[in-house]
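Colleague: Dumping the structure here so I can ask a few things about it.
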Amino acid sequence: MKDKLVLFLASERGFEVLRSIHKKYPSIIESVYTAEDVNVQKDFADEIRYYCAQNKVQCELYDKDQWTVEKDSYIMAISWKNLINHPPEKLIILHDSLLPKYRGFSPLCNMLIKAEKKIGVTAIFGEKEYDKGGIISQSSCNINYPIKIHAAIQKNIQNYIKCALEVSELIFKCSKITATPQDDSIASYSVWRNDDDYKIDWQQSSSSIKRFIDAVGWPYKGARTSSSKGIDIIIDDAVEVTGRECELRHVGKVIYNDDDCPVVICGEGLLKIKKARFVNSDKSFLPLNALKIKFY
């Protein structure tokens, strides 16, 4: 009797892995659980459920008080934020970084903010301490900047698929899944984000702020700032500006408009806001006709 696989899936990553496993190893999929996520603009829960319905795969919206999985079944979790109580040797987690670096939450966002040149995915066994399980498989790729988070996700999805299919092949063949212990001496951690962590710090350099805007954009909440006019906005796109020097760095002030787009003084360098919208209405904040305005 072949081993079975239960998938706990969220996000576009989970959706694409579902399609890839179902296409190549449909017989191992026992069921699918998905969950809604209010912290992203699109969580792909509907797409996962629709795909399962179209392909006659059992799928349920996760309820922590009602879900049950046979202890002999493998679980594979992707973009999953809830605790899964299952035998560690049967629980496989696909993590959004090259472990042991960036254990924890929002690793891809934080890697882009830190300007990492390589991103990737790690398949590990579950453990009581998060993201410390033995490494089953890894896949990586290089990236170039500037890059927006959605583009990085698309590149990293291919790493997810590669790791997921490697694990699925072992399950399909009833082969033993082995893992290599992580090196704790080189481990680092990535901390979860709340609403305050989407606020722009104009004291940082223009290059750092540019990466931040790109790293927390769609499908996430977007980089936010408030103005001296009492307006809260989300900045979706910006570009660094060179060739102008400020005698005094009044950080956050608009120094001039370029094609009705404000150019803002940063802790180092200047940043031109190319696309922005009001937080409460999603209407465009641009063109900006006022000059005497400061962002906080």
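The values are calculated or read from the model by the stated rules, or taken from the named source; none is laboratory data. It should be emphasised that the depicted structure is a prediction, and the values quoted were computed from it without experimental measurement. Every residue, glycine among them, receives a Cβ derived from its backbone with ideal geometry; neighbour counts consider all protein chains shown.
Residues checked against (1) over 22 Å from Pro219 (Cβ atoms); (2) in contact with a Pro (Cβ under 8 Å, 6 or more places away or on another chain); (3) of a type in the set (Val, Ile, Thr):
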position: Val6; (1), (2), (3): yes, no, yes
position: Glu12; (1), (2), (3): no, yes, no
position: Arg19; (1), (2), (3): no, no, no
position: Lys24; (1), (2), (3): yes, no, no
position: Arg49; (1), (2), (3): no, no, no
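Colleague: Right, next: In region 220-234, is there at least one residue being in contact with a His (Cβ under 8 Å, 6 or more places away or on another chain), under 27 Å from Gln41 (Cα atoms) and surrounded by fewer than 16 Cβ atoms within 10 Å (Cβ to Cβ)?
Modeller: No, region 220-234 contains no residue that is in contact with a His (Cβ under 8 Å, 6 or more places away or on another chain), under 27 Å from Gln41 (Cα atoms) and surrounded by fewer than 16 Cβ atoms within 10 Å (Cβ to Cβ).
Colleague: Residue by residue through region 64-90, note down the ones that are touching a Phe, Trp or Tyr at 6+ places or on another chain (Cβ under 9 Å) and of a type in the set (D, E, K, R).
Modeller: The answer is Lys81, Glu89, Lys90.
Colleague: Now a separate question. Among Lys229, Lys221, which is the only one that is under 18 Å from Phe105 (Cβ atoms), basic (Lys, Arg), touching a residue at least 40 places away in the same chain (Cβ under 8 Å) and part of a loop (DSSP other than H, G, I, E, B)?
Modeller: Lys221
Colleague: I'd like the full set of residues that are in contact with a Lys or Arg (Cβ under 9 Å, 6 or more places away or on another chain), part of a helix (DSSP H, G or I) and among the β-branched types (Val, Ile, Thr), limited to region 22-59.
Modeller: Ile28
Colleague: Now, a different point. Can you name every residue in region 105-118 that is closer than 19 Å to Trp192 by Cβ and modelled with pLDDT of 95 or more?
Modeller: Of everything in region 105-118, those that are closer than 19 Å to Trp192 by Cβ and modelled with pLDDT of 95 or more turn out to be Pro107, Leu108, Cys109, Asn110, Met111, Leu112, Ile113, Lys114, Glu116.
For (1) of a type outside the set (Asp, Glu); (2) within 18 Å of Phe15 (Cα to Cα), each residue gets a yes or a no:
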site: Ser31; (1), (2): yes, yes
site: Glu60; (1), (2): no, yes
site: Asp65; (1), (2): no, no
site: Ile78; (1), (2): yes, yes
site: Lys81; (1), (2): yes, yes
site: Asp96; (1), (2): no, yes
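Colleague: Could you grab me the full set of residues in region 229-253 that are modelled with pLDDT under 95 and under 17 Å from Leu288 (Cα atoms)?
Modeller: Answer for region 229-253, where residues must be modelled with pLDDT under 95 and under 17 Å from Leu288 (Cα atoms): Lys229, Gly230, Ile231.
Colleague: Looking only at region 245-285, which residues are aromatic (Phe, Trp, Tyr) and over 29 Å from the mean Cα position of the chain (by Cα)?
Modeller: Kept after step one, since they are aromatic (Phe, Trp, Tyr), are these residues of region 245-285: 256, 278, 285.
Across region 245-285, the qualifying residue is only Tyr256.
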